[in-house]
Amino acid sequence: MNRIGNKLYQLTIHDAHELLKHRDISSVELTKSVLQHIANVEQKTRACITITKDAALRKAEEADNLIRTGNINPLTGIPVLIKDVICTKGIRTTCASKILQNFVPPYDATVVEKLKAQKAVVLGKTNMDEFAMGSSTENSAFFPTHNPWDLSCVPGGSSGGSTAAIAADEATYALGSDTGGSIRQPAGFCGVTGLKPTYGRVSRYGLIAFASSLDQIGPITKDVTDSAIILNTIAGYDTKDSTSVPYPVPDYTSYLTSKLKGLRLGIPQEYFVEGMNQEVKTVLETAINTLEQLGAEIHWGVSLPHTKHALAAYYILAPAEASANLSRYDGVKYGFSEQNADNVIDMTRKTRQFGFGPEVKRRIMLGTYALSAGYYDAYYLKAQKVRTLIKQEFDEAFQQYDALITPTSPTTAFKLGEKTDDPIQMYLSDVCTLPINIAGVPAISIPAGFVNNLPVGMQIISKHFNEETIFHIAYAYEQATDWHQIKATL
Amino acid sequence: MKLSHKQVKHIAWLARLGLDESEVDKFSYQLSNILKNFEVLQQLDTSGVLPTTQSASLSNVFREDKASESLSKTDVLLNAPRQKEDCFEVQAILE
């Protein structure tokens, strides 16, 4: 115990930072506490693919040396886990795929460089659905991850390793990636805070590509303050990512205030879908009432009629982009390569046959079909036009409302194995999150209550480059409730 | 829209993806099912709507045509399954 009152591995970034700054604790103590806790719980959660214990302890020592000289940044000496889709120089980066099982990147992703510039302590890499394709982390080629709230349930996905790790206190914070909900949906299932920033807010350099027009890296944290601290660090223009946007990065922590007076919040009716869990709906209604009590003006019955087309549009656009992006795995430059082949093309075909798992193959097939001669107009071009309509609908809504409030998912975490044989049912678990990637706007999932001891997430969406408003609302709600402080028992 | 085994094999060839017969069978069924769910899009009138390729409202991005530091040859070849004389090595392409 320390003067904050938590065990070291339970600390938030901002609490750990205060203790490190005042030299109440050292980074080595903090890192050892987290590593010991990983050793205690990892066999239950299976959140991690790689743990770099020795390197982490060396980095912690370096951080302590720096702090002794009076130099400390918000992330100095604080342990982080990174989703295994983000390149880490010299640390194996697998994408949870057999095809990249032994891939060691020769460079760091820009986000990792930014963390390292502050002397963050990288603990290792987290499990995920192979190539970030999935909603349960069951598509990992290595092993599934378990939800800390109920080990027989999935953690969600694709960043399920990162969210399970934070729910189980296996790191102070984690990074994930979100193409159709892959940060927010598992954050909701695991009862942690997960932000998908605006497309272009955070550099994608070194993020192994799934669907380049939808992918975005974001923080997975124990509270909203930590989320703002991480975005402060990782946001910004990068010459290595031409889709990152050269807007100034505000201090997001300066928007964390507790009154919502004057804010107009819309509740889009299409997100309270038929077949949605009624108890989840009740939890959301209660949360929205709390927002109203905090001073926000609530507008029920907002309509975004093209929401019902988002799922189909997404499952054309994302696989189409994926089928092009994944053509780089040809068995020549890096990764698994099947050498027992008749010729070069046969080598590539066999490499991909034995290297990719079923969901990745399914999406490559779907995307290749949608882009092939004779079907391009009917599927891919049509989906791009629907994308325009969905984006316009959000733009119009944000002329009237400061933010939209929805459930993060229609249900709580489902059982392992429950949806693995039915791709459509699995895809439907992202129905509330994927329209946001199509529009490119930012959204967060924060804990909003429980149904049968499983967490429920509330999604807060705002317009492009308006993460400030999201943090403001999320923080005010968090301060008025204590859901984020309730811990899973392992 | 029902995808035949022949169509599945053609798509797999375009994608340079080897499939065994049981996968061809499975994808014929699963992809047909997924495409059926996409029919909802065909009911939507999109005449006069321009396609969106990305959401960041960026136009073309250029940089100065100046060479800068890049990865060393050793780093580039570090993960190569086969290499020879500082090159990636593959089976002979020309007979």
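The values are calculated or read from the model by the stated rules, or taken from the named source; none is laboratory data. Keep in mind that this is a model prediction, so the values were computed, not measured. Positions of Cβ are backbone-derived with ideal geometry, glycine not excepted, and every protein chain shown enters the neighbour counts. SASA here: full protein model, heavy atoms, side chains in, ligands and nucleic acids out. Shrake-Rupley method; radii C 1.70, N 1.55, O 1.52, S 1.80 Å.
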| message | Restricting to the range A:394-407, and then to whatever is touching a helix residue (DSSP H, G or I) at 6+ places or on another chain (Cβ under 9 Å) and open to solvent by less than 20 Å² (accessible area, probe 1.4 Å), can you tell me which residue is farthest from A:Ala312 (Cα to Cα)? | response | A:Ala403
| said: Exactly one condition in (1) under 18 Å from A:Ala47 (Cα atoms); (2) aliphatic (A, V, I, L, M); (3) in a loop (DSSP other than H, G, I, E, B) is false for A:Leu81; which is it? | reply: (3)
| field | B:Ser47 over 30 Å from A:Asp422 (Cα atoms), among the hydroxyl-bearing types (Ser, Thr, Tyr) and open to solvent by 50 Å² or more (accessible area, probe 1.4 Å) | value | yes
| A:Tyr334 at pLDDT 95 or above, among the hydroxyl-bearing types (Ser, Thr, Tyr) and open to solvent by less than 50 Å² (accessible area, probe 1.4 Å) | no
| request: Look at B:Leu78 and say whether it is under 20 Å from the mean Cα position of the chain (by Cα) and at the interface with chain A (Cβ under 7 Å from one of its Cβ atoms). | output: no
| said: I'm checking my understanding of the structure. Among residues of the range B:35-67 that are more than 7 Å from chain A (Cβ to nearest Cβ) and among the hydroxyl-bearing types (Ser, Thr, Tyr), which one is farthest from A:Ala383 (Cα to Cα)? | reply: B:Ser59
| query | In this structure, does A:Arg352 turn out to be open to solvent by less than 20 Å² (accessible area, probe 1.4 Å) and within 7 Å of another protein chain (Cβ to nearest Cβ)? | reply | yes
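Give the range A:288-323 a look and list any residue that's farther than 16 Å from A:Leu389 by Cβ, open to solvent by less than 10 Å² (accessible area, probe 1.4 Å) and within 14 Å of chain B (Cβ to nearest Cβ), or say none.
If the condition is that a residue be farther than 16 Å from A:Leu389 by Cβ, open to solvent by less than 10 Å² (accessible area, probe 1.4 Å) and within 14 Å of chain B (Cβ to nearest Cβ), then A:Tyr315, A:Ala318, A:Pro319, A:Ala320, A:Ala322 are the ones that fit.
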| Selection within the range A:272-302 - among the aliphatic types (A, V, I, L, M) and closer than 22 Å to A:Phe394 by Cβ | A:Val273, A:Met276, A:Leu284, A:Ala287, A:Ile288, A:Leu291, A:Ala296, A:Ile298, A:Val302
| request: Can you tell me which residue within the range B:1-34, out of those that are among the small types (Gly, Ala, Ser) and more than 7 Å from chain A (Cβ to nearest Cβ), is surrounded by the fewest Cβ atoms within 10 Å (Cβ to Cβ)? | output: B:Ser22
| request: Select from the range A:327-343 the residues that are part of a helix (DSSP H, G or I) and within 9 Å of chain B (Cβ to nearest Cβ) and list them in ascending order. | output: A:Ser327
| task | Determine whether B:Ser70 is more than 9 Å from every other protein chain (Cβ to nearest Cβ) and in contact (Cβ under 8 Å) with a residue 24 or more places away in the chain. | result | no
| Could you list, in sequence order, the residues of the range A:366-416 that are in contact with a Pro (Cβ under 8 Å, 6 or more places away or on another chain) and without any contact (Cβ under 8 Å) to a residue 24 or more places away in the chain? | A:Leu381, A:Lys385, A:Thr388
| note | Considering only helices (runs of 4 or more DSSP H) wholly within the range A:1-72, the ones with at least 2 residues that are exposed (fewer than 14 other Cβ atoms within 10 Å of the Cβ) and modelled with pLDDT of 95 or more are A:27-45, A:53-68
| query | Within the range A:171-200, which residues are in contact with an Asp or Glu (Cβ under 7 Å, 6 or more places away or on another chain) and not β-branched (Val, Ile, Thr)? | reply | A:Tyr173, A:Ser177, A:Gly180, A:Gly181, A:Arg184, A:Gln185, A:Lys196, A:Pro197
| Enumeration of residues in the range A:356-401 that are in contact with an Asp or Glu (Cβ under 8 Å, 6 or more places away or on another chain) and more than 10 Å from chain B (Cβ to nearest Cβ) | A:Gly357, A:Glu359
